[in-house]
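The structure appears right after this line, and notes come after that.
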Amino acid sequence: FTLKFDLNVDIEAEIVPAVKKKSLGEVLLPVFERKAIELGKVDIYLDQSHTPLSLQFEAYRFGGHYLRVKAKPGDELKVEQAVRDARSASLPILHPASTAAFLGPVLEPLPGRREGTESLAPGRRRKNITEFLGDASIPSPEPALHGSSSLPTNGTDTWKNRAASRFSGFFGSGTSTGSFGRETEKLEQLVNRLHAYSAFGLPKLPPQLRFDRDSWEEDGDEAGLTLEDSWQQIIQGTEVLSRRQCHQQEAIWELLHTEATYIRNLKVITDLFLSCLVNLQESGLLCEVDAERLFSNIGEIIQLHCKLWRSVMASVLAKARRTGALLDPIDFLDGFKMVSGDATPRWGATPCWVVHGDPLVSPQFGSLFKPYVRYCMEEEGCMEYMRALLRDSELFRTYVTWAEKQEQCSRLKLSDMLVKPHQRLTKYPLLLKSILKKTDEPRARDAINTMISSVERFINDVNSRMRQRQERQRLDAILSRIDAYEVVEGSTDEVDKLLKEFLRLDLTAPIPGTSPEDTRQLLLEGSLRMREGKDSKMDVYCFLFTDLFLITKPFKKAERTKVIRQPLLVDRVVCRELRDPGSFLLIYLNELGSAVAAYTFQTSGQLCRSWVEAVRNAQ
């Protein structure tokens, strides 16, 4: 790295080897001894930063950077006089030319470059630590560090680029680098950034993200999540309470305490994982990672719980702290209640809500918690995306491993964090039922039952949507295996053109005569031998759905099929087992109850009974 001296004495800049496994103080000490500068009377700064560096930092991490030496306030005259005295005494001073004799001629300053900060090209502007990290807190000059640390780089102008340009002759003259070299360079940049986060603090959540819009920092409510060690510290007269009352207060306190802990866990996702990811992407690292695909709408989840805490939980605590009265379950009703007759938000294929007339979830609970619908629907996809990134991207593995080791994670993995919302939603009924078991007052019991009913109906609604989505995905997978619908053949080209519009089958369409929420499900599939009339037997592959029986013909040497007979609606099918072992008959009736087709199927005895039972169960 280049060492420059901001003193009122003319000292030429030096290039100092950034040695591995040696501290900054160790590599600077010989240089300062030659110049008669005491390490304790000067501060070292990175580029144009105004924060002194710790001499305990590993020197290797500063390779390619500019470091400035500046006398500490009050020691300016002493430092300058010591340097002048050393010169007058003709003490040996190592100039850059001497260093070049050791490392080679490439260490001479590049032509046309002055060492002053004013001569730096705009693209080579040095990075300010505060500018890089935002307003994150920066430690004191001598923090106690565990392990090696590193300093931030400046976008594409990384320490490796600078070092390569300065020491190109020393390390080799090749200019082309392969994909492996680029990945290695990116990995080095990433490690440096992560070390910088560890040393100087995490970057602030970027303003362009909508997550946690009503931030705790703005309102100073972070302290509102800090609870006393026990409910007994805020409730008066605890010594006269009955055992059952104490158990009730303990159950209510668990609801409050776990809610505060949950919000803190959610904020770890945004403040640690998300903020660092976005900051890295602004520097050209991990740009292939889709943050929304990885974290879904986690920001909306945080917002709703902040609102729930401020409007309900914080009010309950404030009341108890102010009056010393017992925690009252009725005070939670506004956050969890259900009102009959209110509309239920319905989740569609796009992120919007359509009102239906079912009196299930009230705006008090349903509209507040509706971000959970999207999150739960996308949770499995987020987990699959995360696993794919961990499998395929060394950069992403490095980033996640570093983040999971941070103190905020409390030894939790990213996968543990991503399932927290679903787990919290399903825990509410358990927490409320625990309070109910220890509550005797009729009015309070009614309120708790109302809250339990509201939450359970919402959870059932979410689970129902998730099942519907899974069934739609299964249907899509089956459709991807069906290449054609060749039930009717045309006699001429003209007939074929007219038929083409109607030769289609949409298995994802609603089941006739049912509500849109009733999705078609696959009940059974498998290979059978089929005979129609007196024709010879043929190999077919059949699907039994909720409302129809589908006969297809598999292609040779391929896992694809084509529909060869009209779909049979199960409510118009007569199913009979035949005397021939392993055979059963399907008779298809029209609207008048008349037979229009008959198919004989053959398989093994056990499978035959399975098909017959499945058809009858579907009916």
Per its Cα gyration tensor (rounded if a/c is under 1.5, else prolate when a/b beats b/c, else oblate), the stretch 380-478 is best filed as oblate
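Sort 440-448, 182-190 by the packing proxy (mean of other Cβ within 10 Å over each peptide's residues), most packed first.
Values: 440-448: 14.4, 182-190: 16.1.
With the highest mean Cβ count within 10 Å placed first, the list reads 182-190, 440-448.
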Rounded to the nearest 10 Å², what accessible area does Lys41 have for a 1.4 Å probe in the complete protein model? 50
Restricting to aspartates and glutamates and to Cα separations under 19 Å from Lys497, and discarding same-chain partners fewer than 8 apart, the set is Asp483, Glu486, Glu489
With every protein chain present, what accessible area does His50 have (1.4 Å probe, heavy atoms only), rounded to the nearest 10 Å²? 150
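Which percent, to the nearest 5, of DSSP beta bridges fully inside the stretch 2-88 are antiparallel?
If we restrict to bridges inside the stretch 2-88, about 70 percent are antiparallel.
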Just to make sure I understand: if all protein chains stay in place, what is the order of Glu494, Glu80 by accessible area at 1.4 Å, largest first? Glu494, Glu80
Can you tell me how the stretch 473-619 classifies by the Cα gyration tensor, rounded, prolate or oblate, using a/c under 1.5 as the rounded cut? rounded
Using θ = phi - 60° and the Karplus curve 6.51 cos²θ - 1.76 cosθ + 1.60, what whole-Hz ³J(HN,Hα) does each residue of the stretch 234-248 get, with Gly and Pro shown as x? 10, 9, 8, x, 5, 5, 9, 6, 6, 4, 5, 5, 4, 5, 5
Under the rule a/c < 1.5 gives rounded, and otherwise a/b versus b/c splits prolate from oblate, where does the stretch 506-577 land using the Cα gyration tensor? oblate
Residue order for Arg264, Arg193, Arg576 - accessible surface, 1.4 angstrom probe, largest first: Arg576, Arg264, Arg193
Need the list of lysines near Lys78 for cross-linking: C-alpha distance under 27 angstrom, and skip anything on the same chain fewer than eight residues off. Lys4, Lys35, Lys41, Lys70
Quote the accessible area belonging to Thr439 in square angstrom, nearest 10, computed with a 1.4 Å probe and with ligands, DNA and RNA left uncounted. 0
So, how do all the Cα-to-Cα distances of the stretch 2-88 break down into 5 Å bins, in percent, from 0 on up? 3, 14, 28, 27, 18, 8, 2, 0
Give the distance, in whole Å, between the Cα centre of the stretch 260-279 and the Cα centre of the stretch 496-569. 48
Sorted by accessible surface (1.4 Å probe, heavy atoms of the protein chains only), largest first, Asp476, Asp75 come out as Asp476, Asp75
For the stretch 511-573, listing trypsin sites (Lys or Arg not before Pro) in a DSSP loop whose Cβ sees at most 11 other Cβ atoms within 10 Å gives Lys534, Lys556, Lys557
Under the rule of at least 5 residues apart or a separate chain, name every residue whose amide H is placed under 5 Å from the amide H of Phe549. Leu568, Leu569, Val570
Taking the alpha carbon gyration tensor of the stretch 558-619, what are the square roots of 5 times its eigenvalues, largest first, to the nearest whole Å? 20, 17, 11
For Arg576, net neighbour charge (Lys/Arg +1, Asp/Glu -1) across residues whose Cβ lies under 14 Å away: 0
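The values are calculated or read from the model by the stated rules, or taken from the named source; none is laboratory data. Since this is a predicted model, take the numbers as computed values, not measurements. Methodologically, a virtual Cβ is constructed for each residue, glycine included, from the backbone with ideal geometry; neighbour enumeration extends over all protein chains shown. With ligands, DNA and RNA removed, areas are computed over all heavy atoms of the protein, side chains included. Shrake-Rupley method; radii C 1.70, N 1.55, O 1.52, S 1.80 Å.
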